[in-house]
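The values are calculated or read from the model by the stated rules, or taken from the named source; none is laboratory data. Remember, it's a predicted structure, so these values are computed and weren't measured experimentally. Here the Cβ is made from the backbone with ideal geometry for all residues, glycine too, and neighbour counts use every protein chain on show. Quick note on the areas: whole protein, heavy atoms, side chains included, nothing else; ligands and nucleic acids left out. Shrake-Rupley method; radii C 1.70, N 1.55, O 1.52, S 1.80 Å.
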Amino acid sequence: MAAVPTFRRGVKFRFDAVRNAWVLLAPEKLFMPDETAVEILKLVDGTRSIDAIVDDLAARFDAPREMIAEDVAATFANLSTRGAVQL
Amino acid sequence: MGLIAELTHRCPLQCAYCSNPLALDDRKAELTTDEWRRVLGEAAALGILQVHFSGGEPMARRDLVEMVAHASSLGLYTNIITSGVLLTDEAMAALLAAGIDHIQLSFQDAAAPAADRFSGYRGGHAKKLDAARRICEAGLPLTANFVVHKQNAERVGEMIALGEALGAERIEIAHTQYYGWALLNRNALLPTFAQLEHVNGVVAAARQRLNGRITIDYVVPDYYAARPKACMGGWGNRFINISPSGKALPCHAAETLPGFQFPTVRDVSLAEIWVDSDAFSRFRGVDWMPELCRACDRKEIDWGGCRCQALALAGDAAATDPACAHSPDHHLMGAAVTAADGAPLDLVPRRLRTLSA
């Protein structure tokens, strides 16, 4: 997929020192992404496409590319519906 | 975790569905700027991530900008829940410079005559339209909030259209929650089942149409529910609400609960309140629950529902929320719906001194 995901206005993805975990802060919403989602979201930079994000993860993690692609697509679809990510 | 900072109960609007308590805090009792600064620092240290400046009308506090700047410097995500009628160009610029992250703007209806009648503030709707424009021009995400009830439910489609036209990122369609002033005015506000179905249908269609563009958050009315809402995401689980005079509450309606000594941030640190206070521990988790709830496989989904509603309707804060179909008091919800059907539409406006004077 060639779509380039970006965080929507007012959305902040940052490390929280109190929890020792990454958090995704959005208007009146708070997401606590799991390990997989954290790795995906770290690659959201406004230039990488969804395909490029899958390529990057496939090169670094020992899992079939199709499975990674499915995870990535599901994560972005969910966060798009919930208003955190623009596709 | 979120902190709801109710900076003041003062408000230029008089919405009869306000969920503030009937006994509103006086200006003289409000926490000072320095006290709020300390509370915000304690909140950040405790792991609070988002602060929601609310009220009353938070912009009625002249020190709001200073508090937003302080919260922002602590790394807190800052949100203002406002009527917008005080959001001038100058105020918008100052808030932006202070690092505000998001603004939720309330509307009372889709258009002026009705909206101004519900808010009791002539010209208010026009000021809100200006406020929405300023928020969007500042590049901030906007949530347009609409509270729906019997007297405006037919216009939910127009409300969503207004949110779209204003460029909102998020639209909140919230059925009135019956606490405080709204409970007092329940007969004139509670929609019929046909109205609820209408709103449900319009929201479902709009969600599908706007998916990925505008998020629509929808708050349903308890009175037609089969399962209770997870009030505040569970008691003492995700939120701390600080009243204008500094009382720490697990939810903004909790002051109505008898037999509680709610700690004040003037005397006790937020961490002690969160971890040690009886007020925050009493209904936390599942151990306090009646047998009916403890045996339920949804106990960690809805957390037994709302304690204030259990008190207001069933007369016992520790009872199963009557919104639950399994509650022995569930018939009270149906009785309230029947009582509201065809009832007069007169509303008691929210005012600082309507009842106490």
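Could you list, in sequence order, the residues of region B:179-206 that are touching a residue at least 40 places away in the same chain (Cβ under 8 Å), part of a helix (DSSP H, G or I) and more than 19 Å from the chain's Cα centre (by Cα)? Spell out the reasoning first.
Within region B:179-206, the first condition is being touching a residue at least 40 places away in the same chain (Cβ under 8 Å), and the residues that meet it are B:179-193, B:195-196, B:198-199, B:202-203, B:206.
With the extra rule that they be part of a helix (DSSP H, G or I), the set shrinks to B:180-184, B:186-189, B:193, B:195-196, B:198-199, B:202-203, B:206.
Selection gives B:187, B:188, B:193, B:195, B:196, B:198, B:199, B:202, B:203, B:206.
Can you tell me which residue in region B:82-103 is farthest from residue B:12 (Cα to Cα), limited to those that are within 14 Å of chain A (Cβ to nearest Cβ) and surrounded by fewer than 23 Cβ atoms within 10 Å (Cβ to Cβ)? Lay out the reasoning, then the answer.
Step one: filter region B:82-103 for residues within 14 Å of chain A (Cβ to nearest Cβ), giving B:82, B:95-96, B:99-103.
Going one step further and asking which of them are surrounded by fewer than 23 Cβ atoms within 10 Å (Cβ to Cβ), we end up with B:96, B:99.
Details: B:96: 23, B:99: 25 Å.
In this case the residue turns out to be B:99.
Checking the condition crowded, with 23+ Cβ neighbours inside 10 Å, closer than 27 Å to residue B:186 by Cβ and of a type in the set (Lys, Arg), which residue from B:282, B:307 passes?
Working: B:282 fails: crowded, with 23+ Cβ neighbours inside 10 Å.
Only one candidate qualifies: B:307.
Test of understanding: among B:265, B:220, which residue is open to solvent by less than 10 Å² (accessible area, probe 1.4 Å), among the β-branched types (Val, Ile, Thr) and away from every other protein chain (no Cβ under 14 Å)?
On the way: B:220 fails: open to solvent by less than 10 Å² (accessible area, probe 1.4 Å).
None of the others qualify; the one that does is B:265.
Looking at B:139, B:84, B:56, B:124, can you tell me which residue is closer than 25 Å to residue B:160 by Cβ and in contact (Cβ under 8 Å) with a residue 60 or more places away in the chain? Walk me through how you get there before you give the answer.
Numbers: B:139 fails: in contact (Cβ under 8 Å) with a residue 60 or more places away in the chain; B:84 fails: in contact (Cβ under 8 Å) with a residue 60 or more places away in the chain; B:56 fails: closer than 25 Å to residue B:160 by Cβ.
B:124 is the lone residue from the list that is closer than 25 Å to residue B:160 by Cβ and in contact (Cβ under 8 Å) with a residue 60 or more places away in the chain.
Looking at region B:175-217 only, could you name the residues that are within 14 Å of another protein chain (Cβ to nearest Cβ) and surrounded by fewer than 19 Cβ atoms within 10 Å (Cβ to Cβ)?
Scanning region B:175-217 gives B:204, B:207, B:208, B:209, B:210, B:211, B:212, B:213, B:217.
Name the one entry in B:7, B:64, B:3 that is closer than 30 Å to residue B:120 by Cα, in contact (Cβ under 8 Å) with a residue 24 or more places away in the chain, within 14 Å of another protein chain (Cβ to nearest Cβ) and touching a helix residue (DSSP H, G or I) at 6+ places or on another chain (Cβ under 8 Å). Steps first, please.
Values: B:7 fails: within 14 Å of another protein chain (Cβ to nearest Cβ); B:64 fails: within 14 Å of another protein chain (Cβ to nearest Cβ).
Selected residue: B:3, the only one of B:7, B:64, B:3 that is closer than 30 Å to residue B:120 by Cα, in contact (Cβ under 8 Å) with a residue 24 or more places away in the chain, within 14 Å of another protein chain (Cβ to nearest Cβ) and touching a helix residue (DSSP H, G or I) at 6+ places or on another chain (Cβ under 8 Å).
So that you can scan it fast, the table gives a plain yes or no per residue for (1) more than 20 Å from residue B:188 (Cα to Cα); (2) among the charged types (D, E, K, R); (3) surrounded by fewer than 15 Cβ atoms within 10 Å (Cβ to Cβ):
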| position | (1), (2), (3) |
| --- | --- |
| B:276 | yes, yes, yes |
| B:289 | yes, no, no |
| B:295 | yes, no, yes |
| B:301 | yes, no, yes |
| B:325 | yes, no, yes |
| B:333 | no, no, no |
| B:352 | yes, no, no |
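Those residues that are in a loop (DSSP other than H, G, I, E, B) and closer than 18 Å to residue B:311 by Cβ, I need them from region B:233-246; list them, please. Step through it out loud before you land on a result.
So the first thing to find is which residues in region B:233-246 are in a loop (DSSP other than H, G, I, E, B), and the list is B:234-238, B:243-246.
Passing the criteria: B:234, B:235, B:236, B:243.
Does region B:1-55 hold any residues that are farther than 25 Å from residue B:126 by Cβ, touching an Asp or Glu at 6+ places or on another chain (Cβ under 7 Å) and open to solvent by 30 Å² or more (accessible area, probe 1.4 Å), and which are they?
B:33
Test residue B:207 against the stated conditions and say whether it is modelled with pLDDT of 95 or more and either within 18 Å of residue B:152 (Cα to Cα) or touching a Gly at 6+ places or on another chain (Cβ under 6 Å) (or both). Before you say what the answer is, go through the steps one by one.
Numbers: modelled with pLDDT of 95 or more: yes; either within 18 Å of residue B:152 (Cα to Cα) or touching a Gly at 6+ places or on another chain (Cβ under 6 Å) (or both): no.
So residue B:207 does not fit the description; no.
How about region B:264-332: which helices (runs of 4 or more DSSP H) wholly inside it have at least 1 residues that are touching a Ser or Thr at 6+ places or on another chain (Cβ under 8 Å)?
Numbers: elements: B:270-276, B:278-281, B:291-294, B:299-302.
The helices (runs of 4 or more DSSP H) meeting that bar are B:291-294.
List the helices (runs of 4 or more DSSP H) inside chain A, counting only whole elements, that have at least 1 residues being more than 13 Å from the chain's Cα centre (by Cα), away from chain B (no Cβ under 11 Å) and more than 26 Å from residue B:172 (Cβ to Cβ). Walk me through how you get there before you give the answer.
On the way: elements: A:35-41, A:50-60, A:65-81.
Here the list reads A:50-60, A:65-81.
Condition first: in a helix (DSSP H, G or I), more than 20 Å from the chain's Cα centre (by Cα) and of a type in the set (D, E, K, R). Now tell me which residues in region B:121-178 satisfy that.
B:127, B:130, B:133, B:134, B:137, B:154, B:155, B:158, B:164
Any chance region B:247-259 includes a residue that's assigned to a helix (DSSP H, G or I) and either at pLDDT 95 or above or open to solvent by 50 Å² or more (accessible area, probe 1.4 Å) (or both)?
Looking for residues that are assigned to a helix (DSSP H, G or I) and either at pLDDT 95 or above or open to solvent by 50 Å² or more (accessible area, probe 1.4 Å) (or both), one finds at least one in region B:247-259, hence yes.
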